[in-house]
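> Encoded as structure tokens, here's the structure I'll be asking about.
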Amino acid sequence: MTTTTETRPVLRTAYQKSIAAYWNAERDPVNIRLGEVDGLFHHHYGIGEVDPSVWEAPEKTRDERIITELHRLESAQADYLLDHLGDIGPSDRLLDSGSGRGGTSFMANRRFGCRVDGVTISTSQVEFANNQAGQRGVADQVQFHFRNMLDTGFDSGSMRAIWTNETTMYVDLFETFREFARLLKFGGRYVCITGCYNDLTGGRSKAVIQIDERYTCNVHARSEYFRALAANNLVPINVVDLTAATLPYWKLRAKSSVATGVEDAFLTAYREGSFHYLLIAADRI
């Protein structure tokens, strides 16, 4: 599993350095406490209906039930993403681009039995995730790297599939998809789950701007994804609007002890139609 020689620094702009600093310092309970449920630490949101029995739990245990349910919905989202990667075998190699603390990478390795590489510009996340790989006994198959998704250093055509799970709002889509097209084998699959603003509303709504400010990100327009994919020989084969499917997660999270204050912005943006939660699967041609 060779890689090309890295000749440029990983963090190249003031913005990238600020994002790296944010995630190096991040210790948000909404990520840590949920991950402690079963050792899978995610940095994305959830989909699916909430188990109604959560609300019937005694008050002293209800919050723990909510935490467990939120984590279940986040893992269900990751499973749904993996469902769209196509026919993956043990000899294939996958890339988790913007891998966070590694939750989806470990789920992919467990499901497919293949090599998984994760890249992130957070050294703290790299260290955490590689420690997790060692504890899980899969360090020979799942590895995390301090690399920039815009220029990963991996060999051209080395990946059978690539995914981004709520990470594309930090990068230029055309530059990112150009790198993914280079990395993917012919016929390889790219899967994205992301929030994007609705072009029909005429720009970012107040609620979407609040989301940008909370995470120091730059939410893209829905149409920009498809323009960038087309420009880089990535042809969508499946587009799923997950907006309705994620609303139960946000309603539950808003009533939990790990609420961060951004929940109202997400709920408002989704309900008013200014923000969509999409899965896009595209093949490399």
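> Once the Cβ-Cβ distance between Asp172 and Lys255 is put in as r, and R0 is 30 Å, what FRET efficiency do you end up with, to the nearest 0.05?
Calculated value: 0.25.
> Another one. Can you tell me the length gained on complete extension of the stretch Phe186 to Thr123, counting 0.36 nm per residue apart and subtracting the Cα distance?
The Phe186-Thr123 span can extend by a further 19.5 nm.
> Which FRET efficiency, nearest 0.05, do Ala25 and Phe226 yield, Cβ-Cβ r, R0 45 Å?
0.85
> Another question, if that's okay. Run the helix sum for the chain: -39,500 (n - 2.57) per DSSP H stretch of 4+ residues, divided by residue count, reported at 222 nm to the nearest 500 deg cm²/dmol.
-13000 deg cm²/dmol
> Can you tell me how region 49-180 classifies by the Cα gyration tensor, rounded, prolate or oblate, using a/c under 1.5 as the rounded cut?
prolate
> Another question, then. In nm, to one decimal, how far is the modelled label at Val240 from the one at Glu272, with both set 7 Å along Cα→Cβ?
The two pseudo-label positions are separated by 2.9 nm.
> So, one more: Students often get this wrong, so try it: which of (1) 55, 48, 37; (2) 60, 49, 36; (3) 54, 44, 35 is Cα extents along the principal axes in Å as calculated from the structure shown?
(1)
> Name the longest site-free stretch of the chain, where the excluded sites are trypsin sites (Lys or Arg not before Pro) in a DSSP loop with no more than 15 other beta-carbon atoms within 10 Å.
Within the chain, the longest run free of exposed trypsin sites (Lys or Arg not before Pro) spans 28-254.
> Could you work out the relative contact order of the chain, using alpha carbon pairs under 8 angstrom and six or more residues apart, expressed as a whole percent?
Worked out over the chain, it gives 20 percent.
> Tally the DSSP beta bridges in the chain and give the antiparallel ones as a percent, rounded to 5.
45 percent
> I would also like to ask the following. Apply the membrane-span-like helix rule to the chain: whole DSSP H runs, Cα extent along the own long axis of at least 30 Å, mean Kyte-Doolittle hydropathy at least -1.0. List the helices found.
Qualifying helices, which must be both long enough and hydrophobic enough, are 59-83.
> Shape of region 123-236 from its Cα gyration tensor (a ≥ b ≥ c, root eigenvalues): rounded if a/c is under 1.5, otherwise prolate when a/b > b/c, or oblate?
oblate
> Just to verify a number: FRET efficiency for Trp55 and Asp155, C-beta to C-beta distance, R0 = 51 Å, to 0.05?
Once rounded, the FRET efficiency stands at 0.50.
> Is region 136-182 best put as rounded, prolate or oblate by its Cα gyration tensor, with a ≥ b ≥ c the root eigenvalues, rounded for a/c under 1.5, and otherwise prolate when a/b is larger than b/c, oblate when not?
Note, shape of region 136-182 comes out prolate.
> Here's a follow-up. Full extension from Arg12 to Asp63: what is 0.36 nm times the residue separation minus their Cα-Cα distance, to one decimal in nm?
Contour length minus Cα-Cα distance gives 14.2 nm.
> Compute the label zone of Asn233 within region 184-200: residues whose backbone N is under 15 Å from the point 7 Å along Cα-to-Cβ.
Residues 184-190 qualify, since their backbone N sits under 15 Å from the label point.
> Still on this model: Structure shown: which of Lys206/Lys255; Lys60/Lys206; Lys60/Lys251; Lys17/Lys206 lie over 29 Å apart, alpha-carbon to alpha-carbon?
Over 29 Å apart, Cα to Cα: Lys60/Lys206.
> Let me ask something else about it. Mind checking which aspartates and glutamates have their C-alpha under 20 Å from Lys185, skipping anything on the same chain fewer than 8 residues away?
Asp83, Asp87, Asp92, Asp96, Asp117, Asp151, Asp155, Glu175, Asp283
Taken together, the values in this text are just the output of simple stated rules run on the coordinates, not laboratory data. Quick caveat: nothing in here was measured; it's all calculated off a predicted structure. Backbone-built Cβ (ideal geometry, glycine too); neighbour counts: all protein chains shown.
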